[in-house]
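The structure under discussion appears below in the form of structure tokens.
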Amino acid sequence: MKQELISVSEYCTIHRIDVTFVEMLAESGLVKLVSVRRKRYIPHDALRTIERMVNWHYELEVNAEGLEVADLLYQRVLALQEEVGRLRAALKHT
């Protein structure tokens, strides 16, 4: 199965953001980029994460370190929501 990709430069042009921002996200481990023939690409499954980071950074003025903390907390909230859902389902079956 071939992975859907968008080039970092194309994405940044469309969304009017700096390429170095996306590169910083990759360097900090917040997103995974794919390299093909020395060109960097964003996998389709990373677009939501990048959109969230762009919103936090540009609209809420969260700095790079804050993005890492905010993403960690966001992931924890999602995990807790899943756990609550499982627990509610288990309670209904008892």
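The values are calculated or read from the model by the stated rules, or taken from the named source; none is laboratory data. Worth saying up front: this structure is predicted, and the values here are computed from it rather than measured. In this analysis, Cβ positions are derived from the backbone assuming ideal geometry, glycine residues included, and neighbour counts consider all displayed protein chains. To get the accessible areas, we keep the full protein, side chains included, count just its heavy atoms, and leave off ligands, DNA and RNA. Shrake-Rupley method; radii C 1.70, N 1.55, O 1.52, S 1.80 Å.
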Output the residues belonging to the range 6-63 that are within 18 Å of Tyr74 (Cβ to Cβ) and hydroxyl-bearing (Ser, Thr, Tyr). Ser28, Thr49, Tyr58
Is one or more of the residues making up the range 41-48 modelled with pLDDT under 95 and in contact with a helix residue (DSSP H, G or I) (Cβ under 7 Å, 6 or more places away or on another chain)? no
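Out of Lys92, Lys32, Lys39, report the one residue that is charged (D, E, K, R), open to solvent by 80 Å² or more (accessible area, probe 1.4 Å) and under 16 Å from the mean Cα position of the chain (by Cα). First the steps, then the outcome.
Numbers: Lys92 fails: under 16 Å from the mean Cα position of the chain (by Cα); Lys39 fails: under 16 Å from the mean Cα position of the chain (by Cα).
Residue meeting the stated conditions: Lys32.
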Taking the range 50-61 and keeping residues surrounded by fewer than 17 Cβ atoms within 10 Å (Cβ to Cβ) and not basic (Lys, Arg) leaves Glu51, Asn55, Tyr58, Glu59, Leu60, Glu61
Filter result (in contact with a helix residue (DSSP H, G or I) (Cβ under 8 Å, 6 or more places away or on another chain) and loosely packed, with under 13 Cβ neighbours inside 10 Å) within the range 62-73: Asn63
